[in-house]
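Visitor: Input: one structure, supplied below.
The values are calculated or read from the model by the stated rules, or taken from the named source; none is laboratory data. Predicted model, so just to flag it, every value in this text is computed and none were measured. A quick note on method: Cβ atoms are made from the backbone with ideal geometry, for glycine too, and the neighbour counts reach across all protein chains shown.
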Amino acid sequence: MSDASSGEPSVHSLPWPEQYQALAQQSKSPILKAFYESGCPSPDTPISEVRMLAIDFETTGLDASQHSIVSIGLVPFTLDGIQLSQAKHWVVRPKLPLHQTSVTIHGITHSDIDEAPDLEEILGELFSYLNGRIPVVHYRNIERSFLDVALRWRLGEGIRFPVLDTMAIEAHLHPDRNPSRWQRLMGKKPVSIRLADSRLRYGLPHYAAHNALIDAIATAELLQAQIVHHFSRDTRVADLWL
Amino acid sequence: MQAELVDIRNHMAQYPPFDEMTEELLDRVVGDIEVVYFKAGSQILELGDPSSWLFYVRSGAVEIYRRTGELYNRISEGEVFGQFGLLMNRKVRFPAKALEDTLLYKIPYDTFQYLWENDDNFADFVEIEDRSRLRSAVSRREKSNELMTSKVTRLISREPVMAPCTVRLQEAARIMTENGVSALLLMDEEGEKPRLQGIITDRDLRTRALSEALASETPISEIMSEDLITIRSNMFIFEAMLTMLHNNVHHLPVMDGDEVRGVIALSDIVKYESQSSLYLVSNIYHQQDVKGLKKISLDVRDSFVRMVNEDANSHMIGSAMAGIGRSFTQRLLELGEEKFGPPPVPYCFMALGSMARDEQLVVTDQDNAMILDDSFVPEAHDEYFRALAKFVSDGLAECGYSYCTGDIMATNQKWRQPLSVWKGYFTDWIENPKAEALLNSNIFFDLDGIYGETEFAEQLKALVAEKASNSQRFLAMMARNALNRTPPIGFFRTFVLEEDGKQQKTFNLKRRGTAPLSDLIRIHALACKSRAQNSFERLKAIGNTKLLMEDDLGNLRDALEFISIVRIRHQALAIEAGREPDNNVRPEDLSPFERSHLKDAFQVVNNAQKFLRFRYNAQVARNV
């Protein structure tokens with residue numbers, strides 16, 4: 001997320017609930033205004049009471065300023081259940097040409113994309129899920145920055161929100177995941193914090209398919225597992241969000 | 001359902017009851033799921049909590065408990081739990097705990113309700129009464145065998161051929177020839193309506209009339225068979241077959257009350273079942289020596305496998321195998337008497353254990369005994385009976401019936417005694433019961449006379465029936481012994497799950513399944529003075545009293561049938577694969593169908609054992 005965004009930097013140093021209130025005042029876009037007005041839970045809220053939304057984007061590349069979103073998967077959840085009844089998946093038309101490599105990764109073809117809507121057309125629906133929920137992602141630098149850039153293009157202003165990042169949690173749990181040369185010689189293996197590898201450590205099943213929705217579900221499951229193994233239902237949300 | 005959820009749908013589509021669900025319905029289920037993760041050791045459901053979900057195990061393992069805290073089941077990937085609470089009062093009836101890190105798919109009550117109303121297969125699967133699942137599993141199988149679904153009347157192709165029992169030998173032979181029949185019914189025409197009095201067959205004419213060179217004017221009543229074995233017209237063909245096998249008769253009059261509907265012959269049934277066990281039996285009687293019998297005995301296993309492949313039920317197979325064993329024994333006794341001469345005093349050769357119960361399979365040893373007439377004088381007569389017993393026992397061993405390791409055979413002098421001594425044995429076992437002694441003599445409480453003065457065996461059965469029901473101590477000891485062997489709880493992955501949570505690689509289907517069942521059925525049967533020996537017959541007899549409820553009887557019958565048939569099929573598969581059949585089964589050899597129904601059947605045995613302990617006030621049982 002670019003810190004040189006609209007609004008005074010002082011706003012950005014406010015706690016998240018106050019920041020939402022301030023941004024709701026400043027925001028010109030009705031969509032973003034509504035998002036901030038739907039509020040952010042207080043930092044002391046136990047994680048078990050937080051409504052969350054697992055999100056995954058498939059993109060044409062890793063750089064938000066050069067690449068585009070191709071598909072979006074999301075699913076609302078709490079610690080007690082991931083609601084597949086509200087799971088959503090969209091293919092959207094990227095602004096920039098589709099890179100051949102990404103095509104093979106995501107299994108999304110040019111014809112899928114030709115028929116797909118622009119992100120702008122689904123923003124209303126996307127925000128109906130986002131409003132009032134804390135996003136959960138695996139590697140925050142993709143989802144938060146790509147959404148921020150995409151909104152700047154379409155709405156003329158970016159977006160700020162806290163996230164729970166399952167990859168950051170894994171990184172925190174395995175600070176010494178990259179063994180030194182000496183440790184390598186002693187047979188120590190590096191610990192991978194990629195989504196699929198992290199899941200294995202919690203006995204979570206392997207998913208054959210890869211699409212934004214399955215990855216969003218996989219992320220939600222991973223967060224549930226991380227909480228029951230390393231934290232508690234009473235852990236403050238502020239101890240986890242970034 | 002979002003198309004991207006296909007991974008989840010495909011997982012569920014591998015497991016019952018979702019495997020038989022329409023794609024549309026399964027999509028609906030997946031679209032309603034909530035996913036939740038539990039850490040190993042954490043509680044998933046507490047007793048009495050509101051119950052609002054059906055749980056599907058996506059990965060990991062879960063333990064289900066009874067309200068008493070006993071382990072009820074252990075389940076893994078692809079299995080469901082939580083249905084009992086949903087079907088009953090929406091309260092958790094069986095607490096659940098994660099055994100491993102577990103990912104669950106929760107199916108909401110509304111969806112569960114919808115499936116239950118719209119998918120019969122689903123409803124059957126989650127039905128609160130596991131027993132009904134067992135019932136339908138057993139009956140589905142039985143429906144596939146023609147012998148078990150067709151009535152005997154189907155075999156009657158003509159009006160019965162009858163004659164008054166006052167006719168002469170020559171006249172009877174003429175009627176049979178003219179009508180082209182192998183048996184003639186002889187009627188008593190004294191009363192208002194003619195009444196069936198006797199039967200004469202081709203074989204009788206040959207063996208009784210021709211060989212004795214009887215005069216053609218001999219009254220037929222002098223050589224006809226009386227006290228006929230008949231069957232009712234509403235019986236199934238397989239019941240006719242069992243009757244023929246058990247009694248070694250080749251013709252059966254079919255009766256409607258007092259009226260004769262027709263006669264069915266062995267050959268009528270053999271047509272239904274070419275190369276049948278009946279055919280094998282008739283062949284046994286044509287053998288002239290042990291060598292011949294031994295040769296035929298090689299066909300027994302083929303006959304067994306064929307019956308299994310033709311979906312015969314366990315009662316049929318057990319009776320057929322016992323009938324074959326009985327025939328070998330009878331033929332050996334005939335050959336023995338030819339060799340050693342006629343017996344010096346009357347005697348009865350008695351089958352014990354599974355043969356007496358008509359529940360014999362292919363892996364079996366010989367259990368037999370001799371009851372001698374009370375005029376028996378050891379110094380004068382025992383040499384004869386010892387030699388005869390040895391001849392039969394050796395012959396049986398040649399034919400594949402190995403010697404009894406516990407030495408329960410007529411060759412053992414202790415089990416070759418006059419009737420009065422036998423009566424003393426039984427009286428002592430029953431009136432002065434000792435658990436250890438009864439454990440060894442258990443087998444004598446399944447007995448059947450198969451040759452000679454079978455009346456002797458009947459006297460023993462009568463004595464047992466009379467005395468056993470009056471001795472609470474005897475019944476309590478028998479019950480205590482019967483509780484020594486318990487069934488496992490069920491299966492978990494490739495393991496057998498024991499009550500204490502231990503896991504085994506294999507288990508013995510006889511020791512842990514059919515034997516505990518036949519043990520407890522025997523005790524109830526003794527308590528209600530039944531003289532029946534076969535477990536299914538005993539259940540019928542118990543049903544005539546009010547000792548067990550109708551439902552419980554049905555459950556026991558289904559459980560015995562299902563466990564037996566799995567055991568039988570397991571042995572047939574071994575024979576077909578060229579392996580030596582046994583009773584040890586590994587869970588991975590069982591189909592999902594067999595696993596889930598075996599578990600239901602074990603549950604029936606478990607409940608029946610609890611009732612047995614309570615009913616006969618049997619003290620704490622030792623474990624296996």
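Visitor: Give just the number: which of (1) surrounded by fewer than 21 Cβ atoms within 10 Å (Cβ to Cβ); (2) free of Cβ contacts under 8 Å to residues at least 12 places away in the same chain; (3) over 33 Å from the mean Cα position of the chain (by Cα) does B:Asp19 not satisfy?
Guide: The one condition B:Asp19 does not meet is (3).
Visitor: Considering B:Gln417, B:Gln366, which residue is closer than 23 Å to B:Gly318 by Cα and of a type in the set (S, T, N, Q)?
Guide: Only one candidate qualifies: B:Gln366.
Visitor: Can you tell which of B:Ala541, B:Ala559 is touching a residue at least 12 places away in the same chain (Cβ under 8 Å), within 28 Å of B:Thr68 (Cα to Cα) and within 18 Å of the chain's Cα centre (by Cα)?
Guide: None of the other options fit; the residue is B:Ala559.
Visitor: Suppose we filter B:Gly341, B:Gly336 for residues that are over 26 Å from the mean Cα position of the chain (by Cα) and on the phi > 0 side of the Ramachandran plot; which single one remains?
Guide: Result of the check over B:Gly341, B:Gly336: B:Gly341.
Visitor: At pLDDT below 90 and charged (D, E, K, R) - does that describe any residue in segment B:53-60?
Guide: The answer is no; no qualifying residue exists.
Visitor: I'd like to check something: does segment B:74-92 contain any residue that is within 13 Å of chain A (Cβ to nearest Cβ) and of a type outside the set (Ser, Thr, Tyr)?
Guide: There is at least one residue in segment B:74-92 that is within 13 Å of chain A (Cβ to nearest Cβ) and of a type outside the set (Ser, Thr, Tyr).
Visitor: Right, next: Could you check segment B:34-69 and list, in sequence order, the residues that are of a type in the set (Asp, Glu) and in contact with a Gly (Cβ under 9 Å, 6 or more places away or on another chain)?
Guide: Scanning segment B:34-69 gives B:Glu34, B:Asp49, B:Glu63.
Visitor: OK, next. So which helices (runs of 4 or more DSSP H) are wholly in segment A:63-150 and hold at least 1 residues that are at pLDDT 90 or above?
Guide: A:119-130
Visitor: Does A:Arg154 satisfy being basic (Lys, Arg), within 12 Å of chain B (Cβ to nearest Cβ), farther than 20 Å from A:Ala87 by Cβ and touching a residue at least 24 places away in the same chain (Cβ under 8 Å)?
Guide: When the stated conditions are applied, A:Arg154 does not pass them.
Visitor: For segment B:30-46, which positions are more than 10 Å from every other protein chain (Cβ to nearest Cβ), touching a Lys or Arg at 6+ places or on another chain (Cβ under 8 Å) and either small (Gly, Ala, Ser) or over 17 Å from B:Asp101 (Cα atoms) (or both)?
Guide: Across segment B:30-46, the qualifying residue is only B:Gly41.
Visitor: Please verify whether A:Met167 is farther than 17 Å from A:Trp90 by Cβ and either exposed (fewer than 15 other Cβ atoms within 10 Å of the Cβ) or within 14 Å of chain B (Cβ to nearest Cβ) (or both), treating the condition exactly as stated.
Guide: So A:Met167 does not fit the description; no.
Visitor: Sticking with this one: Quick check on segment B:206-217. Is at least one of its residues closer than 24 Å to B:Val281 by Cα, surrounded by fewer than 19 Cβ atoms within 10 Å (Cβ to Cβ) and small (Gly, Ala, Ser)?
Guide: yes
Visitor: Spot the failing condition for B:Phe614; the list is (1) under 18 Å from the mean Cα position of the chain (by Cα); (2) in a helix (DSSP H, G or I), and only one is missed.
Guide: (1)
Visitor: Restricting attention to segment A:198-229, which residues are at the interface with another protein chain (Cβ under 7 Å from one of its Cβ atoms), not polar (S, T, N, Q) and not in a helix (DSSP H, G or I)?
Guide: A:Tyr202, A:Gly203, A:Leu204, A:Pro205, A:Tyr207, A:Ala208, A:Ala209
Visitor: Give the residues of segment B:4-42 that are in a loop (DSSP other than H, G, I, E, B) and farther than 18 Å from A:Leu204 by Cα, sorted by residue number.
Guide: B:Ala13, B:Gln14, B:Tyr15, B:Pro16, B:Pro17, B:Met21, B:Thr22
Visitor: Looking only at segment A:56-83, filter to residues that are within 14 Å of another protein chain (Cβ to nearest Cβ) and in contact with a Pro (Cβ under 7 Å, 6 or more places away or on another chain); which one of those is nearest to A:Asn141 (Cα to Cα)?
Guide: Within segment A:56-83, the match that is nearest to A:Asn141 (Cα to Cα) is A:Val70.
Visitor: So, one more: Taking the residues in segment B:377-407 that are of a type in the set (Ser, Thr, Tyr) and free of Cβ contacts under 8 Å to residues at least 40 places away in the same chain as candidates, determine which candidate is surrounded by the fewest Cβ atoms within 10 Å (Cβ to Cβ).
Guide: Top of the filtered list is B:Ser402.
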